[in-house]
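Since the structure comes first, as structure tokens, the remarks are kept for the end.
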Amino acid sequence: MRTAQIIAAEQQYILQTYARPALVIERGNGSYLFDTEGNRYLDFVSGLAVNALGYGDYDVLKALETQASRLMHVSNLFHTIPSVELAQRLVEHSFADRVFFCNSGTEAWEAALKMCRKWGSSRPGKPKYRFVAMNNSFHGRTYGSLSTTGQPKYHKGFEPLLPGVDFVDFNDLEAVARAVTEETCAVLVEPLQAEGGIHVAAPGYLRGLRQLCDEREALLVFDEVQVGMGRTGWLWAHQHDGVEPDIMTVAKALGGGLPLGVTLAREHVAQVMRPGDHASTFGANPVACAVAQVVFDKVKAPAFLESVRQQGEYLAGRLRELQQRWPEQLTEVRGRGLIAGVVTARPAADYVAAFRQRQILVAVAGAHVVRFLPPLIIDQERIDEVVDAFDQILQQGTDQAGA
């Protein structure tokens, strides 16, 4: 009765903004999760790309214990050691000169939007305040991030949204060029659209955006909340294209399971922000920053990133073989590194449920895309297990259709 009681209490006491399956996750170990009934699940969601090192990493737990016993919170009214140490790591291994700490990806995006408008208001002549954002994008659920998310289904019931946002199609450089005006302060883009269906930036697209922003005096802003921190096989997703932004947002995997978001910026943007322009009570939390240092050091290691690339290529290859075997049910394989999406003829949710029956957890990225987000420590044996299960699910569906 324990599981049923917990679910009943959740439905009574918690705001119903999530459609959860009828299981209660109790603990995790490595690449596996365990529910209150003792069932073990192979996890190919990894907390929506948060648990890059899986569950129970010794060094993460040690850092958490050590820092929690020393100092858990003091607010940004005072200096703390872990935040400075993490900031230095982030600056030394990115394009950025400065960082702003907060608690989540959507908060990091809100900070980025404020930086853009503050920068735009400081330009000589006519103020720059408009944003060019991408259709099919996703940047979060708060008002600024929602307003720059190019999926109308998320807007319904919450209008009017933030004004001054112009949407164009992802990977259409000419459309961006037409949309950018003298009032544009920034172009906003995910190097790989994750929630929008696992769409990778086309070759030359990000480089073209960089050139366009330089020519038109606009900022280029990358959202790497889900696809940064090694997920694509490089520390940062934009490194695939050899181009750097003016601002970038990072969260999810950085905190190792604790709430942590970061907005990284070049000095020419950061210098427009003054004390009082933005704040976060829990931002730069000492425990989260101490854990993040461990995660960052592990993920940025060349051997770790090489392993992600190898496992990502293996996953993509296995999924492409499956797509060739079942071309009517699986129409396309997308992704890079260890974020993969398979476009399905049937609703993706059907496959998620079928995987769960086989004690494997996967997610969706839109109505017809099954999303695979394993921990970055995953191995080929576990990948084979998931792809083989997918094959069985497709076979069972064919057998039932012919019955």
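General observations
- Residue match in region 314-333 (condition: without any contact (Cβ under 8 Å) to a residue 60 or more places away in the chain and under 20 Å from residue 47 (Cα atoms)): no
- Members of region 354-380 found to be touching a Lys or Arg at 6+ places or on another chain (Cβ under 9 Å), in a strand (DSSP E or B) and surrounded by 24 or more Cβ atoms within 10 Å (Cβ to Cβ), listed by number: none
- Extreme residue, nearest to residue 55 (Cα to Cα), among residues of region 1-30 that are of a type in the set (A, V, I, L, M) and exposed (fewer than 10 other Cβ atoms within 10 Å of the Cβ): 22
- Residues being under 21 Å from residue 210 (Cα atoms), outside any loop (DSSP other than H, G, I, E, B) and not hydrophobic (A, V, I, L, M, F, W, C) - total across region 122-170: 4
- Restricting attention to region 299-322, the residues that are over 30 Å from residue 60 (Cα atoms) and surrounded by fewer than 18 Cβ atoms within 10 Å (Cβ to Cβ) total 3.
Listed here are the residues, each with its yes/no results for (1) at pLDDT 95 or above; (2) surrounded by 18 or more Cβ atoms within 10 Å (Cβ to Cβ); (3) closer than 19 Å to residue 374 by Cα.
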residue	(1), (2), (3)
257	yes, yes, yes
260	yes, yes, no
268	yes, no, no
281	yes, no, no
291	yes, yes, no
297	yes, no, no
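- Flag if residue 350 is surrounded by fewer than 23 Cβ atoms within 10 Å (Cβ to Cβ), within 30 Å of residue 75 (Cα to Cα) and out of contact with any His (no Cβ under 7 Å at 6 or more places or on another chain): no
- Checked against the criterion of being hydroxyl-bearing (Ser, Thr, Tyr) and under 26 Å from the mean Cα position of the chain (by Cα), the candidates 66, 148, 80 yield just one match: 148.
- The requirement of being in the same structural domain as residue 263 (by TED's automatic domain parsing), among the aliphatic types (A, V, I, L, M), crowded, with 24+ Cβ neighbours inside 10 Å and under 17 Å from the mean Cα position of the chain (by Cα) is fulfilled somewhere in region 172-188, by at least one residue.
- Among residues of region 259-280 that are assigned by TED's automatic domain parsing to the domain that holds residue 295, none has a Cβ under 7 angstrom from a residue that is at pLDDT below 95 and surrounded by 24 or more Cβ atoms within 10 Å (Cβ to Cβ) at a sequence gap of 6+ or on a separate chain.
- Residue count for region 123-152, restricted to those that are at pLDDT below 95 and either over 13 Å from residue 184 (Cβ atoms) or not assigned by TED's automatic domain parsing to the domain that holds residue 206 (or both): 2.
- Of the criteria (1) under 30 Å from residue 2 (Cβ atoms); (2) free of Cβ contacts under 8 Å to residues at least 12 places away in the same chain; (3) in contact with a Ser or Thr (Cβ under 9 Å, 6 or more places away or on another chain), which one residue 155 fails: (1)
- Test: residue in region 369-384 that is under 29 Å from residue 35 (Cβ atoms) and without any contact (Cβ under 8 Å) to a residue 60 or more places away in the chain: yes
- Identity of the residue in region 222-262, in a helix (DSSP H, G or I) and on the phi < 0 side of the Ramachandran plot, that ends up farthest from the chain's Cα centre (by Cα): 241
The values are calculated or read from the model by the stated rules, or taken from the named source; none is laboratory data. Because the structure is predicted, anything quoted here is derived from the model rather than measured. Because the Cβ atoms are built from the backbone with ideal geometry, glycine has one as well, and the counts that use them run over all protein chains shown.
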